[in-house]
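The values are calculated or read from the model by the stated rules, or taken from the named source; none is laboratory data. Small disclaimer: the values here were computed from a predicted structure and weren't measured. Glycine gets a Cβ as well: all are built from the backbone with ideal geometry, and neighbour counts include every protein chain shown. All accessible areas refer to the heavy atoms of the entire protein, side chains included, with ligands and DNA or RNA removed. Shrake-Rupley method; radii C 1.70, N 1.55, O 1.52, S 1.80 Å.
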Amino acid sequence: MEIIKIAGIALTGVISAALLKSINKDISLYVILATSVIILIAVLGEISEIFSFIENIYDDITYGREFFPVIIKVLIIAYITDFTAQLCKDAGEGSIGSKVELAGKVIIFYVAMPILTAILEVIDVLLR
């Protein structure tokens, strides 16, 4: 029950940050950032299991192998972007968080361009 541990860490961090906010807002921010990093570290084990699972799937497929790494990159970019944007927003920097989200969307589009090109080529072949 990993989620129970993560929920406990999150609640402890939120309560600590709320209590410290009235004393010193800067310390409260550090508590939030530390809690976020601890939660990220707590899920690293599951992330490695996910990549192992994905590697097994990749070894078994024959069609679309060239697109699989692109899909994985898009997922990684999306998670990193969301995590970073949420940290920015938690720190009271919503504007920077929004820019991080925009940058993530642009990078995802750039990384996914080979898939878009392949889809357009298939459509072109079908319409001829």
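Points to keep in mind about this one:
- Estimated inter-spin distance, GLU2 and PHE109, nm [label 7 Å along Cα→Cβ]: 3.4
- Share of carbon and sulfur in the accessible area of region 1-40 stands at 76%, probe radius 1.4 Å.
- Taking every alpha-carbon pair under 8 Å whose residues sit at least 6 apart, the chain reaches a relative contact order of 18 percent.
- For region 57-107, the carbon plus sulfur part of the accessible surface works out to 66%, probe radius 1.4 Å.
- This structure gives Rg/Rh (Cα atoms, Kirkwood Rh), computed directly, and of (1) 1.08; (2) 1.13; (3) 1.00 that value is listed as (2).
- With at most 16 other Cβ atoms within 10 Å, longest stretch of the chain clear of loop GluC sites (Glu not before Pro) (DSSP): 1-65
- Cβ-based charge dipole, the chain, positive-most Cα from ILE15, VAL37, ALA118: ILE15
- Taken as entire DSSP H runs, the helices of the chain that both span 20 Å or more between Cα atoms along their own long axis and average 0.5 or more on the Kyte-Doolittle scale are 2-21, 25-42, 68-90, 94-127.
- Excluding same-chain neighbours fewer than eight residues apart, the lysines reachable from LYS21 by a Cα-Cα span under 21 Å are LYS89.
- Within the chain: Cβ-based charge dipole about Cα centre, in debye rounded to nearest 20 (Lys, Arg +1; Asp, Glu -1): 520
- Anchor LYS99: aspartates and glutamates whose Cα lies under 12 Å away (excluding residues fewer than 8 positions away in-chain): ASP82
- Report summary: the helix-based calculation at 222 nm, which adds -39500 (n - 2.57) for every DSSP H run with n ≥ 4 and divides by the residues of the chain, gives -30500 deg cm²/dmol.
- Modelled label reach - PHE83, point 7 Å along Cα→Cβ, region 29-65 residues with backbone N closer than 17 Å: 32-52
- In this structure the chain gives 74 Å² per residue of accessible area when probed at 1.4 Å with all protein chains present.
- A Förster distance of 30 Å, applied to the separation of the beta-carbon atoms of VAL43 and PHE68, puts the FRET efficiency at 0.85.
- For LYS5, the aspartates and glutamates whose Cα comes closer than 17 Å to its Cα, not counting residues fewer than 8 places off in the same chain, are GLU46.
- In this structure, ILE54 and ASP124 have a Cβ-Cβ separation that, at R0 = 35 Å, corresponds to a calculated FRET efficiency of about 0.70.
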